[in-house]
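Below: the structure, in structure tokens.
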Amino acid sequence: MVSRQQVEGVIDPSGFFSLTIESEQPNCYQLGLVFPTGTLADPSDRQGLAQLSLGLLGRRTVHKTREELQRALDRQGAMFDCEALDEYSVVSLIFLPDRKEDCMALFREILEKASFARKDFSKDKKRLLTNFQVLYQDPEYITEVHARASFFGPDHPLSRQSKPRTVRAIRKEECTSWIQQTVTTGPAAVFLSGPVTHNSLRNLFTKHVKGFVFTDGSIPAFPAGTGSENRMIVRKGIHQGYIHILLPVVPRNHRDYLALRLGMYTWAEGGFVSRLMSRLRVELGSTYGIQGQYQTLHGLGYFSLKTSVNLEHLPGTLDIVREEYDRLRNEGITGSEFEDAKNTFINAYPLLWDNLSELGAYLLRQHFLGRTMEEVFTYVERVQKLTHPEVNAALHTLPETIPVTAITVPHESSASGVGNSFTLTDWKDF
Amino acid sequence: MKLHEFRLSNGLKVFHLHDPSATAACVQVWYRVGCAHEDPDKRGIAHLLEHMMFKGTERIAPEEHARRVQKLGGQSNAFTTEDVTVYVQTLPAKHWTTPLELEADRMCGLRFPEDHFTRERAVVVEEYNERILNQPITRTLQSVRRKLFNGHPYAVDPAGILEHVKAFTRADIIRFYRKYYHPGNAVVVLAGPMPEAAAEEKVRELFSPLLSGETQTPPIPAFPDSMPATIRSASPVKVNFYTRVYALPRKPEHYHRLQMLNLLLGDGENALLRRKVEDKRMGVLHAGSFHYSTQGGDLFFLYAAVLPFMGFARTLRDIHGIMEGDLPCTPSDLDEIKGRVRISLASQLTGTEKRANRLGETVVLRDSPDAFFTDDAAFANITLRDLEEAFSELKHAPATEIKLKARWFPGNR
């Protein structure tokens, strides 16, 4: 769908990154503006601020009521959206080619002349507060929150969760300030695609953002997780045992990153080809799924593993996970597993180029993690160069034991057999 | 892009969306059988069969299907709905023949090894635990659904009834498979750059030897007259939920009209329910609508989520106010909705798999392969009169009111 020639990334002297993709399919323009402030930057007593503030952007402007703004967007055939991610916030617009100038002007107005009524703020706050009721009923969420609190420590951005207390404390003026500061500090990157050339895309953008400040989007590296407490949480009424495991891995810019990715894929990230899926689902039938994910943020890498299992199998599942982890770390992966994983990584690469939006998001992410476009384009060559001994050597640098495991069970007795290294924890204690 | 369609003598229909610019290929098989076709004492069997389809044939070992696709850099998945069961493979375009071979093999050649069946049934039970029993909201919705459809096949969702699932035997599932999984009851959907002639040749080579079965899935009965007027239940959270469900018969003109009506009434920042119900009162957290098209008919939902201190009465009055009047839509409103539809349609079709999904929906669920290319124009041609007719039909359709009341608030009425 998209070839390399259609993709261009340019970094200007301020560090601002412009990613453009020439594409006639779909027949519309896509614009995504990235600001280097996300949910992880929320003050600890105002967790939820980024999400609440960003949700209010695009409701109305100084010149247009909510109804007028939406009508204007509809008439132009444009869709506006915004999303607060961990490290960044993204404000996006999709619009039809025949109205591009008007749409871009509207986009600028939304950013520069943002406004919202107190009742918009109050209602959004009520919605967020109500959402907690649903979240707190979800044992998967509770288990994850506790795993993070243990692994990263309570003051780490990745442990701090928005809570009813922090959301209630947020004032309308703080949301206004957040929006103003974010826009004033300036975006760090833009993604633009459309049925015109790279230069035309960039010209369209620069024409409509005159006066904007741009930044390089660098944010401080996050500290690594070092916790080692296993937690057991009791939630009455659930019908399974939930498990969430966290362990430190190398970040994206480390020389062992690709090697370790391959190894972790074999252990738990690879869906039906992973060892854990084979043992726990296929052989034992104890779970519907294992979700392993290699996560990277600025200067930080961690691997998360989660599953929910038949309660009778909970102790056995933990034993299998630990056993397979030990085997992975001490013996590595086999030659055939190495070839399979490597081929999968290489063969999957073309799929990335099939979906424009996903490709744009991926390339932006790579940029912020320090990868150049050339490094992205030569990904396959780098995977090709990996050797089996290299992967196993990287796996051997993993921690000797899994540092943090959190489990959630319906009652304490249903966790008999999991060992007594778990600290019984109140589910609200995070 | 071009659509190429053909049919084999055993009844298999094939639709190939040829896109020379794609770097991926998507191969899907849509079986015209879903949970609504299950026997009343075998609810959940279609979903369990979906799982068993990955457990091997004479030629392919258990789990090998997904592994082969993954090793080629692809992804394989499947889902079961009320009306269909769909198997999807998306992978780099050069490997497009592999999923076709795998699908042809398992269409009639599944083995059902006993040990794998027993374990996979246990997996399905855990899936039920995870997605339903551990989630109070889903449990509540499941219970409401059964009351709403009141004996109709749609009363039970694809997850089935847990006691039935636990009791399924290998013979049960083989029976279901042989009855409904055959070329005459299936549609192959392809999308990607593979040349038309080569794709047709490959499909004919692989699927022509398969025998057509005897059973075509019976039509889904229309929604029952006995759908209740009101359903009351407890809300699993401290929020009252109100839903009004309209049941309309299946008609070709409904799709576009009801989609537009949905945008007007409840989907979008300027939607009527948003402006005149949600924005009107602080206690209304959300108000909106959605349209769900099924083989049994069209369902149109109006909903509101309300804080308990408000009760239901005022919200109902506001909704009645909208529904009992004339269609509140000017020509300018209609143009704006059409603008939204245009951009929505344009942006949806990014990626080969999304295109294949959409093609499958238009071909199998809407019986209209051309709709993939003509939906744009069809929406653009909707008139105010069309919407007025649809609105009138909606207002007079049988409706059920569902009230989920938060339990903990003393003054909640």
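Round to the nearest 0.05 the FRET efficiency obtained for residue A:12 and residue A:319 when R0 = 45 Å and r is the Cβ-Cβ distance.
0.25
How about residue B:166: which lysines have a C-alpha closer than 20 Å to its C-alpha, ignoring those fewer than 8 places off in the same chain?
Residue B:166 reaches B:42, B:55.
If a/c stays under 1.5 just call it rounded; otherwise compare a/b with b/c (prolate if a/b is bigger, oblate if not). Do that for the protein assembly as shown, with a ≥ b ≥ c from the square roots of the Cα gyration tensor eigenvalues.
rounded
Rounded, prolate or oblate: pick one for the stretch A:342-382, where a ≥ b ≥ c are the square roots of the eigenvalues of its C-alpha gyration tensor, a/c under 1.5 means rounded, and failing that, prolate if a/b is larger than b/c, else oblate.
Here the stretch A:342-382 falls in the oblate category.
Describe numerically, in nm with one decimal, the distance between label points set 7 Å from Cα along Cα→Cβ at residue A:424 and at residue B:10.
A separation of 6.1 nm, rounded to one decimal place.
With θ taken as phi - 60° and the coefficients 6.51, -1.76 and 1.60, list the Karplus ³J(HN,Hα) couplings across the stretch A:232-244 in order, rounded to whole Hz; mark glycine and proline as x.
Values, residue by residue: 10, 10, 10, 10, 5, x, 7, 10, 9, x, 9, 10, 9 Hz.
Just round it to a whole percent: the fraction of Cα-Cα distances in the stretch B:46-163 exceeding 18 Å.
Within the stretch B:46-163, distances greater than 18 Å cover 59 percent of Cα pairs.
Name the long-range amide H neighbours of residue A:231: under 5 Å, sequence gap of 5 or more, or other chain; modelled H, no Pro or chain starts.
A:405, A:406, A:407, A:423
Using r as the Cβ-Cβ distance of residue A:180 and residue B:282, and R0 as 41 Å, what FRET efficiency do you calculate, to the nearest 0.05?
In this case the efficiency is close to 0.95.
Could you tell me how many cubic angstrom of Cα convex hull volume chain B has per residue?
Measuring per residue, one finds 145 Å³ for the Cα hull of chain B.
Please work out the C-alpha center-to-center distance from the stretch A:307-326 to the stretch A:341-393 and express it in whole Å.
Using only Cα atoms to place each centre, the spacing works out to 32 Å.
Rounded if a/c is under 1.5, else prolate if a/b is larger than b/c, else oblate: which is the stretch B:162-210, with a ≥ b ≥ c the root eigenvalues of its Cα gyration tensor?
Taking the square roots of the gyration eigenvalues as a ≥ b ≥ c, the stretch B:162-210 is prolate.
Taking amide H positions as placed in the peptide plane 1.01 Å from N, state which residues far from residue A:86 in sequence (5 or more) or on other chains have amide H under 5 Å from it.
Here A:39 satisfy the definition.
Check cross-link reach from residue B:403 to the lysines: straight Cα distance under 16 Å, and skip same-chain residues fewer than eight apart.
Reachable lysines: B:147, B:238.
Counting other beta carbons within 10 Å of each Cβ, put A:79, A:277, B:282 in order, fewest first.
The most exposed by this proxy come first: B:282, A:79, A:277.
For the stretch A:294-430, just the Cα atoms, rotate onto the principal axes and tell me the three extents in Å, largest first.
54, 36, 27
Other chains' Cβ within 10 Å of B:345-356 residues: what's the mean?
5
Would you mind getting me the FRET efficiency between residue A:253 and residue A:197? Use the beta-carbon distance for r and R0 = 30 Å, nearest 0.05.
Taking R0 as 30 Å, the efficiency between residue A:253 and residue A:197 is 0.40.
Considering only Cα-Cα distances, which of the following residue pairs are longer than 29 Å: A:64/A:125; A:113/B:276; A:119/B:354; A:210/B:280; B:276/B:354; A:126/A:210?
A:119/B:354; A:210/B:280; B:276/B:354; A:126/A:210
Could you tally the net charge around residue A:398, taking each other residue with its Cβ under 11 Å from the Cβ of residue A:398, Lys/Arg +1 and Asp/Glu -1?
Summing Lys/Arg as +1 and Asp/Glu as -1 gives -2.
Residue by residue through the stretch B:208-222, which ³J(HN,Hα) values in whole Hz follow from phi under the Karplus form 6.51 cos²θ - 1.76 cosθ + 1.60 (θ = phi - 60°), with glycine and proline marked x?
After applying 6.51 cos²θ - 1.76 cosθ + 1.60, I find 4, x, 6, 7, 6, x, 8, 8, 9, 4, x, x, 6, x, 5 Hz.
Distance between Cα centroids, the stretch A:157-225 to the stretch B:181-212: provide it in whole Å.
Cα centroid to Cα centroid, the span is 48 Å.
Please compute the length gained on full extension between residue A:141 and residue A:361, using 0.36 nm multiplied by the number of residues separating them and subtracting their Cα-Cα distance.
76.7 nm
Just list whichever of A:306/A:428; A:100/A:163; A:207/B:2 have alpha carbons separated by over 30 Å in the model shown.
A:100/A:163; A:207/B:2
Residue-wise, which Karplus ³J(HN,Hα) couplings in Hz belong to the stretch B:92-104, taking 6.51 cos²θ - 1.76 cosθ + 1.60, θ = phi - 60°, and x for glycine or proline?
These are the phi-based 3J(HN,Hα) values: x, 4, 5, 9, 4, 6, 4, x, 5, 4, 5, 5, 4 Hz.
Express in whole angstrom the spacing between the alpha-carbon centres of the stretch B:50-72 and the stretch A:26-86.
43 Å
Can you pull the mean other chain C-beta count within 10 Å for peptide B:329-338?
Mean number of neighbouring Cβ atoms from other chains: 2.
The numbers here are math on the coordinates, done by the rules we state, and not lab data. A quick note: this is a predicted structure, and the numbers were derived from the prediction, not measured. With ideal geometry, Cβ positions are generated from the backbone for all residues, glycine too; neighbour counts draw on all protein chains shown.
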